[in-house]
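Trainee: Sharing a structure, written as structure tokens. Questions coming.
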Amino acid sequence: MNEIHSGTGNSRRQSTDKIRAKVTGDIRYFKYGVILYNASLARRDLYPYLDVLYREPDYPTSHVKVAVVDGPAGEILEQQSIGSLLIGEFITKKIRSLEEMCVFPEMTLETLLPPMLDPGQDFALPYLSKEEEDVIARGIALFHGQRFTGSLDTEQGALYVLMTGKWKKTARFVERIHSGPVGDAQNFIT
């Protein structure tokens, strides 16, 4: 079953408490979940919204993916499902698949904290958007300190991942090798 609840507060904890007042029992996070932050929030400072998660002893930080969304993150979640997958499972599988293809750097809530708090190290997160009914990979969101400062498209993101030396199984690039028509596959190499 897939339920979406929302709450507004002055902090993540206050918002969560307002949601708890609406539902029965405690909120349990999906073991292999994903957290989405919209780009405007990430440009201000991501850490205050993550700090409360690190303080929850039962929160499974080692499996949770974090991504930045161009536009309201709630619009993606409102879809509830894509095909036979619930939206959370779909996004998590999409991120993991694109990590395997070196489009996104591998990052979880657990591995995010050290570079976020190290003033000499920057990091990147998956950058998603919604286009009609599709959730697409825009590339990667670049961070300096705790703030989203810019982005790279998916091809540049793959180069970023390769240059960090933390690549997975495969990275694919398509390059034009002949000046003939764009529609002719013979003019390109993968």
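The numbers here are math on the coordinates, done by the rules we state, and not lab data. Source: prediction; values computed, not measured. Counting neighbours? That spans all protein chains shown, and the Cβs are built from the backbone with ideal geometry, glycine included.
Trainee: For the stretch 106-190, run through the chymotrypsin sites (Phe, Trp or Tyr not before Pro) and keep only the ones in DSSP coil with at most 14 other Cβ atoms within 10 Å of their Cβ.
Mentor: Qualifying residues, ordered by number: Phe173.
Trainee: Another question about this same structure. What list of ³J(HN,Hα) values in whole Hz, one per residue of the stretch 33-44 in order, does the Karplus curve 6.51 cos²θ - 1.76 cosθ + 1.60 (θ = phi - 60°) give from phi, with Gly and Pro shown as x?
Mentor: My calculation for the stretch 33-44 gives x, 9, 10, 10, 10, 6, 4, 5, 5, 5, 5, 7 Hz in order.
Trainee: Checking the cross-link filter: which lysines have an alpha carbon closer than 21 Å to that of Lys169, excluding same-chain neighbours under 8 positions apart?
Mentor: Lys65, Lys93, Lys94
Trainee: Go ahead and run the numbers for FRET between Glu75 and Arg176, Cβ-Cβ distance against an R0 of 41 Å, rounding to 0.05.
Mentor: According to the calculation, E is roughly 0.70.
Trainee: Mind checking the full-extension length gain between Asp122 and Arg44? Use 0.36 nm per residue of separation minus the Cα-Cα distance, one decimal, nm.
Mentor: Working: separation 78, 0.36 × 78 = 28.08 nm, distance 1.56 nm.
Full-extension gain reported as 26.5 nm.
Trainee: Pull up all non-local amide H partners of Arg138: gap of 5 or more, or a different chain, and H-to-H distance under 5 Å with H placed in the peptide plane.
Mentor: Tyr127, Leu128, Ser129
Trainee: What residues have an amide H closer than 5 Å to that of Ile82, excluding those fewer than 5 places away on the same chain, when H is modeled at 1.01 Å from N in the peptide plane?
Mentor: For Ile82, the qualifying residues are Ile87.
Trainee: Could you work out how far helix 154-164 tilts from the main Cα principal axis of the chain, as a 0 to 90 degree angle to the nearest 10?
Mentor: Computed tilt is about 80 degrees.
Trainee: Would you kindly state the longest site-free stretch of the chain, with sites defined as trypsin sites (Lys or Arg not before Pro) in a DSSP loop (not H, G, I, E, B) surrounded by at most 10 other Cβ atoms within 10 Å?
Mentor: It works out to 56-168.
Trainee: Under the rule of -39500 (n - 2.57) per DSSP H run of 4 or more residues, summed and divided by the residues of the chain, what mean residue ellipticity at 222 nm is obtained, to the nearest 500 deg cm²/dmol? Write out the running numbers ahead of the final one.
Mentor: On the way: 7 runs with 64 residues, N = 190.
Using -39500 (n - 2.57) per qualifying helix, the result is -9500 deg cm²/dmol.
Trainee: When only Cα pairs under 8 Å and 6 or more residues apart are kept, what is the percent relative contact order across the stretch 136-190?
Mentor: Reported as a whole number, the value is 22 percent.
Trainee: Glu100 to Gln156: extension gain in nm, 0.36 nm per residue of separation minus the Cα-Cα distance?
Mentor: Numbers: separation 56, 0.36 × 56 = 20.16 nm, distance 1.56 nm.
Here the answer is 18.6 nm.
Trainee: Taking 0.36 nm per intervening residue step and subtracting the Cα-Cα distance, what contour gain separates Ser11 from Val52 on full extension?
Mentor: Using 0.36 nm per residue and subtracting the Cα-Cα distance, I get 13.8 nm.
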